[in-house]
Every structure is written in structure tokens, then in C-alpha cells.
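The values are calculated or read from the model by the stated rules, or taken from the named source; none is laboratory data. The structure presented is a predicted model; accordingly, all values stated were derived computationally and were not measured. A quick note on method: Cβ atoms are made from the backbone with ideal geometry, for glycine too, and the neighbour counts reach across all protein chains shown. Accessible surface areas use protein heavy atoms only, side chains included; no ligands, DNA or RNA. Shrake-Rupley method; radii C 1.70, N 1.55, O 1.52, S 1.80 Å.
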Amino acid sequence: MDPLPRPSRAPDLDGGVSIDRPRDLGEVRRSSHEAMATIFEVYAVHPDPGYAAQAAQAVFDLVDRLERELSRFLPNSDITRVNHLAAGESTRVSPSTLECLVIARHVFELTGGAFDASIGTGLAALDLDPDDSVVRATKDGVRIDLGAIGKGYAVDLAAELLEEWGLERALVHGGFSSVLALEPPEGRDGWPLTLSDPRTPSRVLARLSVRQAALGASGLRKGDHILDPRSGAPVRGRLAAWVAVPRPAAARAGPEAGDGPRIAAGAVTDALTTACMMLSVEEIEALCDATPGLEAWILPESPSEPQADSPLLHFGPRQH
């Protein structure tokens, strides 16, 4: 476990989020781990560095387990088995995989299909049975890719695990595109984060102070890797998007009735940032107005001057 000022390997950044002036957080220690094609890190404050390192290792073990379940690239993962289902066939998956699929479907409906974990192959053609953790296909050819939600779901569960270990003052992220902040270091009102232009990371667009919230980021720094599932065309006119959602006190929606998925702020922000890369400004405004606490930023690309500095557009209440 490294003291925070020591530089680490640069994370795989999609949307330009970083910790502001990390050397000012000398009491914070950091642990890093490669998983899900990126680098996960735990920043934590605890009087016993060895105990904090053990807690971070428990988080990384959890992330590795989730990758084995959620990756479409591993031959016997839950998602690989789902992707090989023919019409009428079913497969049992882990409760985590089932829950992640339920959240993905919820965000699909919330965004009118702008976020689609099936990339247009038919998310609705999967029947999900949360009670028995069974997925059944009602047609052939459904293909699921949880790459735009899996890291966010992982940081949700990681944050809960850190709390179980007693690490209340902590932050966990996956590649800094999926960030979940718990309580900040003592004397601060939040974890200091910045949003930067993914083309020019030195260009800071906004400074935030974040606590008990998730922050997701998506961008085109690596090229045309985001497709609009409604048309199949690459995203145009948008360089980056960020979404923040307050972390709820309850781990699940409707706990008395047991009829809802985990209120997974990290998974939701992960998915919504992808959706905000293609939703119109009017649609983003309507989404923020309809969702209490939801906050979004987008960085548009000038169609006439692609290299010009664009203004950052903000939606929703400023709470950070």
C-alpha cells in the first residue's frame, strides 16, 4: 500500500477525472490492482496501514470475482453463457450478474434505449428471474456486453465492502471512469476531484468536492469506441460526459417488499454517462429534472472547429 504522493501507473482514462492536488492528501494511502482492462484503486484513511491494505486486497478479490462473472471475453463466465443461449434456453447466473442485468434493463428504459447493454440485439428478449438467478432467452442472438456498467457495479460493491471493514473515509475507482466516494479525509467537506478535457488533461474544466456519491465519466479520447445502439453509428459532436448521483443510505430499493434491485449509484452513473454521450441536450435536461439529485456535464465538440476549446455544459443541481 503506497502513500498517496508516490506516482502510480497511469489509469486507463475514458473521461478525464482525477484527484485534485493529491499531494495535499498526505494522510491517505492508496492500493492499486489491474482488473476489467483498467486499474482499480482504493484510497483510504485508517490508523493501521496494514489493516487498510488487507481491506483493499479484499476489494480487489471481489472485483476479480465480478470480472470472472461479468466478462464476455472469458469462456465460462455468466455473460458468455447468456450470450450462447438459443430461444427457449436458460442458464443460472450469480446473484451479482442477475442484479447487474436488472440494473442495465432499468437504465435502458430510463434512457429510451440510449444505453443498451445488448447493443441493439434485444435486451428485452431476456427473461430475468431474480428469485432463482436464472436468465432465459426468448429469441436467438442476444449478445450482452456489460463493459459500460460493470466497473460501476464493481465500485458499488467495493464501497460496501470497505464500510464492512470499517473504512468509512475512502474512495474507490475503476480507471477513474467509475468513481465512488465515501466520507472524505478529516477536515474536508468532500474528496477533491477534477473534470478535464480528455484531449488535453491539463485543461481542468471543473473542480468538485464529492462525498457519498458516485461519479461516472465517458469520452472519446481513445477514438470512436462508443456507438449509438439506436442507429449503430459512432457518437459525433460530443467529446465527453460526466454524471453524478448521490449514494443512497439504503443498499436496495424497496427493502421491505424486496421488489427492487440494489440502488447502485456507481452502476447507474456508469451507464448514464454512456447514454449522455448520445442523448440530446433537451433529453439530458429532462432526465435531470425527473431524477432527484442527478447531475450531468457534457463537453461538446465544435463541428466547425474540432480542435477548439468547448465550454462545459452543466445540468441539474450543483451539490458537490
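Annotations
- Sequence of Arg68, Arg81 when ordered by accessible area, the most exposed leading, probe 1.4 angstrom: Arg68, Arg81
- Candidate residues His84, His46, His106: accessible-area rank, largest first, probe 1.4 Å: His84, His106, His46
- Per residue, the chain exposes 43 Å² of accessible surface when a 1.4 Å probe is rolled over the protein heavy atoms with every protein chain present.
- Helical mean residue ellipticity (222 nm; -39500 (n - 2.57) per DSSP H run of 4+; nearest 500) of the chain: -8000 deg cm²/dmol
- When Lys151, Lys139 are compared by accessible area at a 1.4 angstrom probe, the order from most to least is Lys139, Lys151.
- Placing unit charges on each Cβ (+1 for Lys and Arg, -1 for Asp and Glu) gives the stretch 32-115 a dipole about its Cα centre, and among Phe60, Leu70, Thr38 the Cα reaching farthest toward its positive end belongs to Leu70.
- Ellipsoid semi-axes in whole angstrom, largest first, where each is sqrt(5λ) of the Cα gyration tensor of the chain: 29, 25, 18
- In a reduced charge model with +1 at each Lys and Arg Cβ and -1 at each Asp and Glu Cβ, the stretch 81-151 shows a dipole moment near 200 debye about its Cα centre.
- Here the accessible area is traced with a 1.4 Å probe on the protein chains. For the chain, carbon and sulfur cover 50 percent of it.
- Size of charge dipole - the chain - debye, nearest 20, with Cβ of Lys, Arg +1 and Asp, Glu -1, no other charges: 760 debye
- Near the amide H of Ala213, within less than 5 Å, lie the amide hydrogens of Ala181, Arg247, all on another chain or at least 5 residues away, with H placed in the peptide plane.
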